[in-house]
Amino acid sequence: SSSSSSSSSSSSSSSSSSSSLSSSPPLSNGSGARTNNRDEEENNNVDNDNVDLVLKCENSCYLIDGKEGLLSSLTKNGIELMSGTMVPNFWRGLIDNDFGWSAEKRMKVWQDAGLSVSMGGSLKCTSVKRKDANTIVASFELCHNGTGLDITYQLLRGDHFIVTSTLTPSSNQFRVQDNKNLAVVGDTIVLQNMSSGRHLDVESESIQTRWCDAGDWQRLSVVEGCDDEAIALVAHTGCYLELKHDQINKNTLCATSPRQGEYGPRAPTSSQSFIVEKIGEIQRKENNNTETDTQSSNENNSSIVVLRCSQDPDLCLARLSNGRVGFLSYLSYTQTKQVSDKSCFWNLQFVDTKPLPPFRFGFILPLINQQSTLASESTPLASESQGSDGFDMSQVTWFGRGPHESYVDRLDGAALSLWSGPITEQVHQYVRPQETGCKAETRWAAIGNKGHMTKGLLATMHTPPTQTGSSPLYLTFLPFAPSCLDAFPNKEHQRLRYGASLTSESKSESSSPSSTYVLIDCGASGAVTGVGGIDSWGAPPMLEHRPTLDVPRTWSFRIKTFDTSVDPPIGQIARTNPFT
């Protein structure tokens, strides 16, 4: 949304909400003043029927969209500071190392998880409620797997706006499937033959179907195949499943060790690659028991498939009459045998199906760069007006790692100090545009006008009263939309192919060419994804440099507008505890 639309929506919505706010007493303490009217207090806790909600304090106005549950407007003295809606962010522009471990496939579930359904994403707002005069709570559900997100907006005295979020993993998370990519790199699966009910298992080089239960010998890891349409299967022994086609082993399935090249294992061949074709789904049965074992959990997340060999797509994996596993001609099988035999049909079951945690836990805050807008104005009157009242979001001062970019596994080269510079200089123009510009372990950052930083917006780390200790933020400042850095689903489809294009062409990618985008990420341990590069290609970042989502993840930050002509110095504001 543009600044004009945000301002108009703010004014229109404030008329519907200001009546209830005007009757509330001014903010007088850190916990927030409550109204003495019991009826008003009870009304605060009901759904708002998509009516926008407003929080006001000291000439600042924060507008929460009543339908989307997101911060859509921030005005100071009637001047709009935001160029769009602040949205949750769990994604990053894929770096070259990410493609090495197939993050574009394994992590794609998080790409649009922070965008609302109306924006083309999977974030569905379930409720927006006013908890008290100074607090609004919005609840969301990630439509793809039922993960819950709660965002609490709280405005305290001194114009301290606090955003606290909790991402709660679903107890019944499942892997998102589609017909084209039924099993993708990183999955762990077991294959149960539909004719015998027994699972494919690997012992040494021998592959058979012997047991009805599934254990370690039955687990298969999915890795890259010989092309984009195929996958390869790796047994617990580290061997590939491969078609053997010689006089001794005619159309049989064997387990063979990976071929070694100069720089490690070579890519699977066509005889070691399979095309997974979905035939149907296992009928899910209602289970009233709250506790389910691994096998029943897998059965509720399985599909009937045929696995064709990439070397000869007419050959499909089948259970032979002697209990061994080999290949049959699928065309001949369907013509000469009844399909009810099902020896070529496999029940593909996923093991450990919870998706990988997101790249980051954070928000994207788009700010209007009044200075860029001013550059297009030619009248001295406009220049004088913007210079006295406007907010120029083109400069940043931060206390954290710097001056160059830094990440959780790239910290030692970035000193912890006070840094400052133009927003345009906080990104690196890689040959291919990708994730860039992160400032690790940042205590606070001020985005404002050049020179003495007299007006702007302050973002600081925040610790809720119920918690002890504080975690620094990971902040990124971009003069263009974060989507300019994205290469999803692959590099060939990237809109901007070269780093130099970011300055000349990225404006066409942005809904507002005069915007500064601030990415505010949680910096707690286990909440940030590192750059990786452990080996030359293929390994994800180390476990200690990757997020976890085994339990609900809560993070918080604080923003505040400032004007040094009436406010204390920026550093003093950042150290202020609004709860005291």
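Residues that are outside any loop (DSSP other than H, G, I, E, B), open to solvent by 50 Å² or more (accessible area, probe 1.4 Å) and among the aliphatic types (A, V, I, L, M) within segment 108-121 comprise Val117, Met119, listed in sequence order. Within segment 237-246, how many residues turn out to be modelled with pLDDT under 85 and in contact with a strand residue (DSSP E or B) (Cβ under 7 Å, 6 or more places away or on another chain)? Summing the residues that are modelled with pLDDT under 85 and in contact with a strand residue (DSSP E or B) (Cβ under 7 Å, 6 or more places away or on another chain) in segment 237-246 gives 2. Of all residues in segment 55-94, exactly one satisfies the criterion of being in contact with a Leu (Cβ under 9 Å, 6 or more places away or on another chain), open to solvent by 10 Å² or more (accessible area, probe 1.4 Å) and aliphatic (A, V, I, L, M), namely Val87.
I'd like to check something: does segment 229-251 contain any residue that is free of Cβ contacts under 8 Å to residues at least 12 places away in the same chain, open to solvent by 80 Å² or more (accessible area, probe 1.4 Å) and of a type in the set (Asp, Glu)? No - not one qualifying residue is present in segment 229-251. Being part of a loop (DSSP other than H, G, I, E, B) and at pLDDT 85 or above, is that true of even one residue in segment 247-260? Yes: one or more hits.
Only one of Glu441, Glu425 is open to solvent by 40 Å² or more (accessible area, probe 1.4 Å) and closer than 19 Å to Phe557 by Cα; which? Only one candidate qualifies: Glu441. Would a scan of segment 536-545 turn up a residue that is at pLDDT 80 or above and within 17 Å of Gly93 (Cβ to Cβ)? The answer is yes; a qualifying residue exists. Among the residues of segment 426-454, those identified as modelled with pLDDT under 90 and more than 27 Å from the chain's Cα centre (by Cα) are Asn449, Lys450, Gly451, His452, Met453, Thr454. Can you tell me how many residues within segment 532-580 are open to solvent by 70 Å² or more (accessible area, probe 1.4 Å), of a type in the set (A, V, I, L, M, F, W, C) and over 30 Å from Pro265 (Cβ atoms)? So the count comes out to 2. The residues of segment 224-236 that are under 17 Å from Leu348 (Cβ atoms) and modelled with pLDDT under 85 amount to a single one, Glu229. Please indicate, with yes or no, whether at least one residue in segment 411-425 is modelled with pLDDT of 95 or more and touching a Cys at 6+ places or on another chain (Cβ under 6 Å). No; the residues of segment 411-425 include none that is modelled with pLDDT of 95 or more and touching a Cys at 6+ places or on another chain (Cβ under 6 Å). The lone criterion from (1) out of contact with any Lys or Arg (no Cβ under 8 Å at 6 or more places or on another chain); (2) open to solvent by less than 20 Å² (accessible area, probe 1.4 Å); (3) farther than 22 Å from Gly120 by Cα; (4) modelled with pLDDT under 85 left unmet by Ser525 is number (2). Residues considered: Lys105, Lys124, Lys129. Of these, the only one that is more than 19 Å from the chain's Cα centre (by Cα) and open to solvent by 30 Å² or more (accessible area, probe 1.4 Å) is Lys129.
What are the pairs, 6+ residues apart or on separate chains, where a residue within segment 487-508 that is under 13 Å from Gln434 (Cβ atoms) and at pLDDT below 75 has its Cβ under 9 Å from a residue that is part of a helix (DSSP H, G or I) and open to solvent by 50 Å² or more (accessible area, probe 1.4 Å)? Close Cβ pairs (under 9 Å, with a partner that is part of a helix (DSSP H, G or I) and open to solvent by 50 Å² or more (accessible area, probe 1.4 Å)) amount to Phe488/Lys108. When you look at Ser139, is it in contact with a strand residue (DSSP E or B) (Cβ under 6 Å, 6 or more places away or on another chain), of a type in the set (S, T, N, Q) and either over 30 Å from Arg432 (Cβ atoms) or open to solvent by 30 Å² or more (accessible area, probe 1.4 Å) (or both), yes or no? Yes, satisfied. Scanning segment 195-225 for residues that are over 35 Å from the mean Cα position of the chain (by Cα) and open to solvent by 50 Å² or more (accessible area, probe 1.4 Å) turns up Ser195, Arg198, Glu203, Ser204, Glu205, Arg210, Trp211, Cys212, Asp213.
Determine whether Arg130 is among the basic types (Lys, Arg), touching a residue at least 40 places away in the same chain (Cβ under 8 Å) and in a strand (DSSP E or B). Explain how you work it out, then say what you get.
Details: among the basic types (Lys, Arg): yes; touching a residue at least 40 places away in the same chain (Cβ under 8 Å): yes; in a strand (DSSP E or B): yes.
So Arg130 fits the description; yes.
Show me the helices (runs of 4 or more DSSP H) found entirely inside segment 271-386 where at least 2 residues are at pLDDT below 50. Outline the logic, then answer.
Numbers: elements: 294-299, 330-336, 370-375.
Fully inside segment 271-386 and qualifying: 294-299, 370-375.
The values are calculated or read from the model by the stated rules, or taken from the named source; none is laboratory data. Just so it is clear, the structure is predicted and the values come from calculations on it, not from any experiment. Glycine gets a Cβ as well: all are built from the backbone with ideal geometry, and neighbour counts include every protein chain shown. Protein only, heavy atoms only, side chains kept; ligands, DNA and RNA dropped before computing areas. Shrake-Rupley method; radii C 1.70, N 1.55, O 1.52, S 1.80 Å.
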